[in-house]
1. Just the residues that are at pLDDT 95 or above and assigned to a strand (DSSP E or B), please, taken from the range 257-267.
2. Can you tell me which residue is surrounded by the most Cβ atoms within 10 Å (Cβ to Cβ) among those in the range 229-245 that are touching an Asp or Glu at 6+ places or on another chain (Cβ under 9 Å) and hydroxyl-bearing (Ser, Thr, Tyr)?
3. Using the structure shown, decide if PHE126 is surrounded by fewer than 19 Cβ atoms within 10 Å (Cβ to Cβ), in contact with a Leu (Cβ under 7 Å, 6 or more places away or on another chain) and within 19 Å of SER58 (Cα to Cα).
4. Among the listed residues VAL267, VAL243, VAL295, which satisfies the condition of being under 30 Å from ASN325 (Cβ atoms) and among the β-branched types (Val, Ile, Thr)?
5. Could you please let me know if ALA174 is touching a Phe, Trp or Tyr at 6+ places or on another chain (Cβ under 7 Å) and part of a strand (DSSP E or B)?
6. Name the residue that is modelled with the lowest pLDDT, counting only residues in the range 175-191 that are of a type in the set (A, V, I, L, M, F, W, C) and surrounded by fewer than 18 Cβ atoms within 10 Å (Cβ to Cβ).
7. Mind checking whether some residue in the range 306-313 is at pLDDT 85 or above, surrounded by 16 or more Cβ atoms within 10 Å (Cβ to Cβ) and under 30 Å from VAL243 (Cα atoms)?
8. What about ILE269, is it without any contact (Cβ under 8 Å) to a residue 60 or more places away in the chain and under 30 Å from GLY337 (Cβ atoms)?
Amino acid sequence: MNGMMKPRFALSTLSTLIALSISTTTFASDFSLPFVNGSELGNAYAGWAASATDASTSYTNPAGLIKLKSPQIVVAGVDVRGFSQFKGTSTTPFATQFGQVTGTAGGFLPLFDLAIPINDKFVFGFSETAPFGLGNNYPTWSVVRYAATRSQLIVVDLSPSIGYKINDKLSVGAGFDAQRVAITLNAMMPMPFSLPDAQGQNHLTGWGYGFHAGILDQINESTRVGLSFNSQTTFSPSGDSVVYSSMGTTRTTNQKTNFPLPARTQVSIYHDINNRLTAMGSIFYTRWSTLSQIVLQNTMTPIGVLPATIPLQYHDTFDYAAGLNFKATEKWLLKIGAQYFNTPSNDRFRSVPDPLGRMVLVGIGAHYQKDSRFGYDIAYAHDFFERTVIHYVTPVASLIGHSNTASNIFALQFTANV
């Protein structure tokens, strides 16, 4: 009798610990994406709130819409391809494993923008972009499997905007943001007595709503300054939580959570040094401290449905960018730029889905203006990340080591004045 009860008790105890430690999967550290158009990747988005060179200003600073004198359509694609390599030790109650694994990350972002002048004072804009997102994929057999196998968050923003011309120098603008979030959080769960690992999968979707606004001041013929703001957006996504194990499949369709994505403020300057050379720079402030933790309600575990807490403890950040444009000919414009990103995460809670530390994004690009109607952009950028500490500890599994991350970004854009 006791011989039968002990394995059952051990299994129940371990399952309880697993349930209490499902902080296994978290988001990437700075999952705010600057890749809102293809034309400014070459400048590392250094002119964010002040460049206003095409209809994508509808999102970056809607006050810039008044600089567009004819209807314009922008279609762009940004492809992000990266990897994150972990090296370290994974420990469970049953084994300690040292190893190295490389996870893949990234995806393709289709982007669309529209600007339509209404009269000499008002310009309507619309944008479809992805302001937040990141993902990592690791093998289900790897050393990091108890921390994450697949982690993905993507936010798609649909936004109508309006720009208003106050006078020849000053304009303002504002837009409404409807944002759709999709989240996938998967990880393996250690099981005793040589049983195969269980696999937990969580898929949630939902909507959030906010606004963005801006002001643009054409100080003189050569210089303009822009200030833009994106409000905090609160999401309440829901979906399925499933556990696959040798004992069967258990599922709930009532998983839910509630979390904010931070407010952001950008200030930029755009200055024509001469008729060929233009300099630009931006400061970005993101209020990450509003994102301290995420609680997943009704999460399926091997012993039933329980809440799961993901600790984050993010802090606010300042990021900085600078760029140059060089007008090589009447048709060709060459671009270069760099942006420095701080990280809101910290060494105490960082896990492998959260591998990003401080980094520098360096971009190059070119714009070809075929004629008065059609323009084309091509750009490439590379992220240079610092090595980061991975420190993930729960009652069941720990992961101690470091991570090296890198990514390449490619962009194409087509702009048509109609």
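1. ARG264, THR265, GLN266, VAL267
2. If we take residues in the range 229-245 being touching an Asp or Glu at 6+ places or on another chain (Cβ under 9 Å) and hydroxyl-bearing (Ser, Thr, Tyr), then THR233 is surrounded by the most Cβ atoms within 10 Å (Cβ to Cβ).
3. Yes; evaluated as a whole, the condition is true for this residue.
4. VAL267
5. yes
6. ALA182
7. Yes, some residue in the range 306-313 is at pLDDT 85 or above, surrounded by 16 or more Cβ atoms within 10 Å (Cβ to Cβ) and under 30 Å from VAL243 (Cα atoms).
8. Criteria not met by ILE269.
The values are calculated or read from the model by the stated rules, or taken from the named source; none is laboratory data. A quick note: this is a predicted structure, and the numbers were derived from the prediction, not measured. Cβ sites come from the backbone with ideal geometry, for glycine too, and all protein chains shown count toward neighbours. With ligands, DNA and RNA removed, areas are computed over all heavy atoms of the protein, side chains included. Shrake-Rupley method; radii C 1.70, N 1.55, O 1.52, S 1.80 Å.
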